[in-house]
Amino acid sequence: MKSAYELAMERLNKTSPTLKLTAGQKKQLAELDSRYAAKIAEREIALRGEMDKAAEAGDAEKMEQARQQLSDERKKLQNELEEKKEKVRQGKA
């Protein structure tokens, strides 16, 4: 008799089977992760500088704008990363 976990895993594999990645694909995925982590860090550093200046000046509006811009850019870069990673997983890159 199978456990509930085993039955759930069988159903999951039927609907979306796991992909076996090649060493090259794994390397590409790691490079993408590294590249996008650097891009995100770069934007955080630049925008944190703006937030610090706004905080020193007491400009809450500019500080909130910089915070929102950072959030938006982080989401955009994460979405780009996921799209590129999916292409690699599908073998299209």
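Values quoted throughout were computed directly from the atomic coordinates according to the rules given, and no laboratory measurement underlies them. Predicted model, so just to flag it, every value in this text is computed and none were measured. Virtual Cβ from ideal backbone geometry, glycine too; neighbours counted across all protein chains shown.
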With a cut-off of at least 2 residues that are in contact with a Leu (Cβ under 7 Å, 6 or more places away or on another chain), name the helices (runs of 4 or more DSSP H) lying wholly within the chain. 23-57, 60-90
Within the set of pairs 6 or more residues apart or between chains, which connect a residue that is of a type outside the set (S, T, N, Q) inside the stretch 1-30 to a residue that is surrounded by 10 or more Cβ atoms within 10 Å (Cβ to Cβ) and in a loop (DSSP other than H, G, I, E, B) with Cβ atoms less than 8 Å apart? 29/21
Let me confirm something: among 61, 86, which residue is of a type in the set (D, E, K, R), surrounded by 11 or more Cβ atoms within 10 Å (Cβ to Cβ) and without any contact (Cβ under 8 Å) to a residue 12 or more places away in the chain? 86
